Amino acid sequence: MQLKKYVDLFTGLFFLLFTVVYISQIPAIRITRVSTVDSALYPKVMAALLLGLSLAQLYAALKRLKQGVQAKEDQTKREYKGAVRTLFLAVAYVVVLEPIGFFISSSVYIFLQILVMCPPEKVRYGQFAVIAVAAAGIINLIFRFGLNLMLPLGLFEYLY
């Protein structure tokens, strides 16, 4: 099929268009100041990241088209499985975030997401667990003490 070789290009264009629409909606955000940052900071950071990733996707797709390289069929199937697993993990994370709390749910999510993204022959459970717990802890500390914002405590609510 002729369209298959343009999938990456269409994906990059779609996300670029999505980013433009996203950026156009940022001025509609009601500005509130809860801490040292206002409510529009996160959307601006996400817009910059989306724009950068969209442009990188377009660049890679155009480079592959120019070289005539196509993704291998088995690699594409693995990527679809990973995308479905990532979507499932993200939905599950959102569902359990409030009752279980940020630290526990984020640690588990990061650990499982690393397993989804890592090739099976390079899996190191101990190392991934340490990375997940450290990342969740550092993010929690940044929000609590750097931004003065509380994340959901969940099971740790009795400590505060």
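Around Y42, what is the net charge, scoring Lys/Arg as +1 and Asp/Glu as -1 over all other residues with Cβ under 15 Å from its Cβ?
Neighbourhood net charge equals +2.
Express the relative contact order of the chain as a whole percentage, based on alpha carbon pairs under 8 Å and six or more residues apart in sequence.
Across the chain, relative contact order equals 22 percent.
I'd like the distance between the alpha-carbon centres of the stretch 12-62 and the stretch 104-148, rounded to an integer number of Å.
Taking the Cα centre of each part, the stretch 12-62 and the stretch 104-148 sit 24 Å apart.
The chain: longest stretch without exposed trypsin sites (Lys or Arg not before Pro) (DSSP loop, at most 13 other Cβ within 10 Å), sites themselves excluded? If you can, show how the numbers build up before the last one.
On the way: sites that count: R30, K72, R124.
Counting only loop sites that pass the neighbour cut-off, the longest clear stretch is 73-123.
If I fit a long axis through the Cα atoms of helix 102-117 and take the longest principal axis of the Cα atoms of the chain, what angle between them do I get, 0 to 90°, rounded to 10?
So the inclination is approximately 20 degrees.
Using modelled amide H (1.01 Å from N, peptide plane; none on Pro or chain starts), what sits under 5 Å from the amide H of L153, excluding residues fewer than 5 places away?
Distant-sequence amide H within range of L153: F102.
5 Å is the cut-off here: which amide hydrogens, built 1.01 Å from N in the peptide plane, fall below it relative to D38, excluding neighbours closer than 5 in sequence?
Answer set, sorted by chain and number: none.
Under unit Cβ charges (Lys, Arg +1; Asp, Glu -1), what dipole magnitude, rounded to 20 debye, does the chain have relative to its Cα centre?
560 debye
Using Cβ contacts closer than 10 Å as the measure, can you line up V45, V96, V21 from fewest to most?
Ascending number of Cβ neighbours within 10 Å: V21, V45, V96.
Over 29 Å, how big is the tail of the calculated P(r) for the chain, in percent of all Cα pairs?
37 percent
Hey, what do the phi angles of the stretch 37-43 turn into as Karplus ³J(HN,Hα) couplings, whole Hz, using 6.51/-1.76/1.60 and θ = phi - 60°, x for Gly and Pro?
10, 9, 6, 8, 4, 4, x
For the stretch 1-70, what's the relative contact order in percent, using C-alpha pairs closer than 8 Å and at least 6 residues apart?
Averaging sequence separation for qualifying contacts and normalising by length gives 47 percent for the stretch 1-70.
Please get the size of the charge dipole for the stretch 72-160, origin at its Cα centre, with Cβ charges of +1 on Lys and Arg and -1 on Asp and Glu, quoted in debye to the nearest 20.
Dipole magnitude for the stretch 72-160 comes out near 240 debye.
Throughout, read-outs are computed from the coordinates displayed, never taken from laboratory work. What you are looking at is a predicted structure, and each value in this text was computed from that prediction instead of being measured. Note that we place each Cβ from the backbone using ideal geometry, even for glycine, and neighbour counts take in every protein chain shown.
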